[in-house]
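First the structure, in the form of C-alpha cells, and then the observations on it.
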Amino acid sequence: MTTEKPIVLFVCVHNAGRSQMAAGWLRHLAGEAIDVRSAGSEPAETINPVAVQAMAEVGVDITDNTPHLLDVDDVRAADAVITMGCGDACPIFPGKRYEDWQLADPAGQPIDVVRGVRDDIRERVENLIKELTHTSA
C-alpha cells in the first residue's frame, strides 16, 4: 500500500447505487481504518432512494452522500479500485489493485432486489476489509 491508511475507490456508472452502498458498508464496517471514496463515470443528480432505504434498514445512513464525477486523481490516489459495471471508464495505473464486482444494477429495481444487492456488497466488503487490513498490518 502506498499510504499509512489504505484508500479504496468504488466506481460505477451513476455513483448512485452500488458504489454508494459499497462506500457506506466500508465506512460502517471499517471505521477509520480505511479511507473510502466513490465516483461515477456518468454521475446521477442524486443517490437512488431505494438504495438509501435498503441501507437504512441495516443501520447504514448514506443520505448525505452525493454522486461524484470520476477523476483521474481519484484513481491515482487509491490503493484499491473496485469497479461495478463502468466498463473501460476507469483509468489504469500500475501498482494499483483493481477488482470488478459483477453486481446487478439497483436502478429502477424494487426494494427486494436492492436488498439482495446490498447483502452481496456487504459480503464482498467484509472480504475486502480482511484482505486490506491483513496486507497493511
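A short reminder: the numbers here are calculations on the coordinates, not readings from a lab. These figures come from a predicted structure and were not determined experimentally. Virtual Cβ from ideal backbone geometry, glycine too; neighbours counted across all protein chains shown.
Below are the figures for this structure:
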| quantity | calculated |
| --- | --- |
| C-alpha long axis of helix 18-30 to longest principal axis of the chain, angle in ° | 60 |
| FRET E, pair Ala77, Glu99, Förster distance 25 Å, beta-carbon r, rounded to 0.05 | 0.90 |
| Per-residue Cβ neighbour rank within 10 angstrom, fewest leading, Arg76, Arg118 | Arg76, Arg118 |
| Exposure proxy order (Cβ contacts within 10 Å, fewest to most) of Ile62, Ile111 | Ile111, Ile62 |
| Per-q log10 I(q)/I(0), the chain, q = 0.16, 0.18, 0.20, 0.21 Å⁻¹ (Debye; single scatterer per alpha-carbon; no solvent) | -0.74, -0.94, -1.17, -1.29 |
| Relative packing of peptides 8-14, 28-34 - highest average C-beta neighbours within 10 Å first | 8-14, 28-34 |
| For Phe93, distant residues with modelled amide H under 5 Å away | none |
| Cα-projected label distance for Asp112 with Ala44, points at 7 Å along beta-carbon direction, nm | 2.1 |
| Amide N of segment 1-36 lying under 13 Å from the label point, which is placed 7 angstrom from the Cα of Val58 along Cα→Cβ | 18-30 |
